[in-house]
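Asks: Quick one: this structure, given as structure tokens, is what I'll be asking you about.
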Amino acid sequence: MTDLLKLSLQKELEELEKEEQIFDRKISQFLEESDDKNPFGLKTLQKLLAETFGEAPDFDAIANACASLETQISESNKIAEKVSGSVRELDLQRSRAQHALTIVEEAKELSNCLKGLKEVMVQDDLTKAVHHIRRFHQLDLSILQGSPEFEEMSTLKGNLKNVVFERFEKAILSNELESMKKTCHLIGPLDLASESNGLYQSYAAEWLEKRLEEIDESNAKHNVQNLSTLYNICAAFVQEQMPLATSGFSSSCGDIELLQKVYFEGGARAANLMRNYLAETQTKKRISEINAMMMREFANNGFGLARPQDNTPQKTTAFSSEISIEMDRSLDDLAQLLQYTETYDRFMRHIAQNLGNDHPSKADSSKKEAFPGVPGVFEGTILPDRTSVEEAAGEVSALYAEMEGALFKISVHKALLIDKVLPQSNTSSCVEDTFFIAHRCAKRAFATGHYLAASAVLNHISNVLSSLWFFYIFF
């Protein structure tokens, strides 16, 4: 068995060697041939190798070329540095020439300002004198300091400041409004706002106090009219004085200080007037009495009783016409108190908003002071969101809404008591009466301008219509 296996393996090995020889001949033949069908023959490969090794690079020539290029680059760099230096020198000379030209122009403008200031000072024309001061502050003073014209201009400016301040002080002490108007707009450009603002604010406070003392607060029945008078005095004062404060003292925030002074002083007095009115007329107590009367009425008779079947009026109510008339008058007064307060408050807050837009904050870098007189930096809130006058108005609003709701309920109750079907109509009289009353109450609530009062009254109307009145109509 071993010999047979050995013979079989030798035979297979011989056959494999024959096949290997066949494949070797085919590969050699393929490599030797080189034509279009076989472009990768041995001849082609030999040719490519010959071309490759036959054209070897000349490294010495390349090294010489690189050295020559380096020399050219070095020479070009030296030339570029010389040109750059010449350009920098020219730029420096041009900058010096421009600076010299600026100095000449600024000096010429300073000379013209000085000449013009001298002429108008002789003529005692302060407005034109301040105009020359404005031109002076718009110059580049850093390059003019030390010159004789600059020193003389500074001296004349100091003299002008003394003249303007003396005349302004005299106008304040003598209470001459026209003289103040002539000098107030000169204070800001002359940088006198900080030292003049205190004097002006004292005058404004004294003048406002004197006018407010004319209001008679002793008679509470006149407090509604007194409140209107108070707001008119404050508004007229602001309209008259705010242009002066803005033109003269805005750089020290004197205009904001003036508005705050008027708003808080007037607001404190207005709050007292409203609270005195509520106390003297005993509005809260009267509302409690009316509510108790309603509870007794509705407990005894129900709300509107039952629908009449024979078209005859039902029995009368405990609420007389005098009570309704009295409530209506009180509501008119309360509505006027709210209306006057809301109108005044919106007017003052509108002015505060404009002042806030004029005065930059510290974070606002877009507005920079170029010369004296521009509005100064102000941080914070000019008028707070909650003030004494608004708190007093809130008290009035609550009582007004409660009384208006009570009057509406009483009026609808009376309309149901006299309900009847109109001749030749399918409409009950209480329908037209109720909506007429609702329209009248809602109209008065909206006229107050106080959104809390209007909202509360509408809620009262909605509650009565959706519950009591609806029940009477449909059941």
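Asks: Please determine, by comparing only the residues of segment 122-139 that are open to solvent by less than 70 Å² (accessible area, probe 1.4 Å) and over 36 Å from the mean Cα position of the chain (by Cα), which one is nearest to T102 (Cα to Cα). I'd like the intermediate steps shown before the answer.
Replies: Of the residues in segment 122-139, the ones open to solvent by less than 70 Å² (accessible area, probe 1.4 Å) are 125-126, 129-130, 132-133, 135-137, 139.
Among the residues that remain, those that are also over 36 Å from the mean Cα position of the chain (by Cα) are: 125-126, 129.
Details: D125: 30, L126: 29, A129: 24 Å.
Once the filter is applied, the top-ranked residue is A129.
Asks: Right, next: Considering segment 202-217 alone, what residues qualify as being open to solvent by 10 Å² or more (accessible area, probe 1.4 Å) and touching a residue at least 40 places away in the same chain (Cβ under 8 Å)?
Replies: A205, E209, I215, E217
Condition check ((1) hydrophobic (A, V, I, L, M, F, W, C); (2) open to solvent by less than 60 Å² (accessible area, probe 1.4 Å); (3) touching a helix residue (DSSP H, G or I) at 6+ places or on another chain (Cβ under 9 Å)) across all residues:
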| position | (1), (2), (3) |
| --- | --- |
| N223 | no, yes, yes |
| L227 | yes, yes, yes |
| L230 | yes, yes, yes |
| P243 | no, no, yes |
| S252 | no, yes, yes |
| L259 | yes, yes, yes |
| G266 | no, yes, yes |
| A270 | yes, yes, yes |
| K284 | no, no, yes |
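Asks: Given the structure, is V389 within 21 Å of S467 (Cα to Cα), open to solvent by less than 10 Å² (accessible area, probe 1.4 Å) and among the β-branched types (V, I, T)? Lay out the reasoning, then the answer.
Replies: Values: within 21 Å of S467 (Cα to Cα): no; open to solvent by less than 10 Å² (accessible area, probe 1.4 Å): yes; among the β-branched types (V, I, T): yes.
The answer is no for V389.
Asks: Now, a different point. Which residues, counting only those in segment 79-121, are at pLDDT 80 or above, closer than 30 Å to G158 by Cβ and open to solvent by 60 Å² or more (accessible area, probe 1.4 Å)?
Replies: Of everything in segment 79-121, those that are at pLDDT 80 or above, closer than 30 Å to G158 by Cβ and open to solvent by 60 Å² or more (accessible area, probe 1.4 Å) turn out to be E105, K108, N112, K115, K118, E119.
Results for (1) at pLDDT below 85; (2) more than 22 Å from Q282 (Cα to Cα); (3) open to solvent by less than 50 Å² (accessible area, probe 1.4 Å); (4) polar (S, T, N, Q), shown as yes or no for each residue.
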residue	(1), (2), (3), (4)
D358	no, yes, no, no
E379	yes, yes, no, no
A398	no, no, no, no
T427	yes, yes, no, yes
V431	yes, yes, yes, no
F435	no, yes, no, no
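Asks: Can you run down the residue pairs with Cβ atoms below 6 Å, 6 or more apart or on separate chains, where the first is in segment 149-166 and among the aromatic types (F, W, Y) and the partner is open to solvent by less than 50 Å² (accessible area, probe 1.4 Å)?
Replies: Correct list of pairs: F150/L144; F165/L192.
Asks: Show the residue pairs meeting these rules: Cβ distance below 7 Å; 6+ apart or different chains; first residue within segment 448-463 and on the phi < 0 side of the Ramachandran plot; second residue of a type in the set (D, E, K, R).
Replies: Listed pairs, sorted by first residue: T448/E342; H450/E342; V457/E404; H460/E404.
The values are calculated or read from the model by the stated rules, or taken from the named source; none is laboratory data. Not measured: the values here are computed from a predicted model. Positions of Cβ are generated from backbone atoms using ideal geometry, with glycine treated the same way; all protein chains shown enter the neighbour counts. Side chains included, ligands, DNA and RNA excluded: accessible areas come from the protein's heavy atoms. Shrake-Rupley method; radii C 1.70, N 1.55, O 1.52, S 1.80 Å.
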